[in-house]
Amino acid sequence: MQKQRIAIITGGSSGKGLAIAKKFASHNIAVIIADIVQPEETSADISYKACDISNSKNINDLYQWVTDNYGIPDFLILNAGRGIREKLSEGDPEKWQKILETNVMGALRCIRAFIPQMLERKNGNVIFISSVSANQPHPYGGIYSASKSALEVIAETLRLETIPYINVTVISPGITDT
């Protein structure tokens, strides 16, 4: 009997993340939603672990909990993100830092926690949920666009560093009604 595959979805409590969680679960994949908000619905194949990916200790706790209870994930879906609409000449750099901590550093923390074991196993999939904003700067969206551009460079770098064992995918949706 083949073991059930495992997926971690950051920011999976609502919107695109929850839709991804449900789709994976429908394919008999054990899903762990790692988010600061508990989803309104879970099932036998969807579990929840409180996690703020901008916090290193939370990522360490997530890693330990997942590996103790499930094993090494087959899928790491980096979906968690925050947006902000501010002019670069008028915005608040402290708010910008929070966006970068979640959108960029959070993804990097997850990579650092989970990829070494996936590489040791010589198998894994990392899916980055980016945005068309990464390549289409717009007024009031500079920080968000910059964070998504950085995420795409990180994804490409990870792909180059982990060939041929880890599959790296970037999905860049436009505005989504979630």
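The values are calculated or read from the model by the stated rules, or taken from the named source; none is laboratory data. Everything quoted here is computed from the prediction, not taken from an experiment. Neighbour counts run over all protein chains shown; Cβ positions are idealised from the backbone, glycine included. For the accessible areas, the whole protein counts, side chains as well, though only heavy atoms, and no ligand, DNA or RNA atoms are used. Shrake-Rupley method; radii C 1.70, N 1.55, O 1.52, S 1.80 Å.
The table below lists the values:
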| read-out | value |
| --- | --- |
| Conditions (1) more than 17 Å from residue 130 (Cα to Cα); (2) open to solvent by 70 Å² or more (accessible area, probe 1.4 Å); (3) part of a loop (DSSP other than H, G, I, E, B): number failed by residue 23 | (3) |
| Residue ID - surrounded by the most Cβ atoms within 10 Å (Cβ to Cβ), chosen from residues in region 33-51 that are at pLDDT 95 or above and in contact with a Gly (Cβ under 8 Å, 6 or more places away or on another chain) | 34 |
| Given (1) touching a helix residue (DSSP H, G or I) at 6+ places or on another chain (Cβ under 7 Å); (2) touching a residue at least 24 places away in the same chain (Cβ under 8 Å), index of the condition residue 74 fails | (1) |
| Qualifying residue in region 63-74 (condition: within 14 Å of the chain's Cα centre (by Cα), crowded, with 21+ Cβ neighbours inside 10 Å, modelled with pLDDT of 95 or more and not in a helix (DSSP H, G or I)) | yes |
| Inter-residue pairs, beta-carbon under 8 Å, first under 14 Å from residue 105 (Cβ atoms) and touching a residue at least 12 places away in the same chain (Cβ under 8 Å) and in region 52-70, second outside any helix (DSSP H, G or I) and hydroxyl-bearing (Ser, Thr, Tyr), 6+ apart | 53/10 |
| The one condition in (1) open to solvent by 50 Å² or more (accessible area, probe 1.4 Å); (2) modelled with pLDDT under 95 that residue 86 fails to fulfil | (1) |
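Listed here are the residues, each with its yes/no results for (1) in a strand (DSSP E or B); (2) over 25 Å from residue 60 (Cα atoms); (3) under 18 Å from the mean Cα position of the chain (by Cα).
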| position | (1), (2), (3) |
| --- | --- |
| 86 | no, yes, no |
| 90 | no, yes, no |
| 111 | no, no, yes |
| 120 | no, no, no |
| 128 | yes, no, yes |
| 139 | no, yes, no |
| 147 | no, no, yes |
| 150 | no, no, yes |
| 156 | no, no, yes |
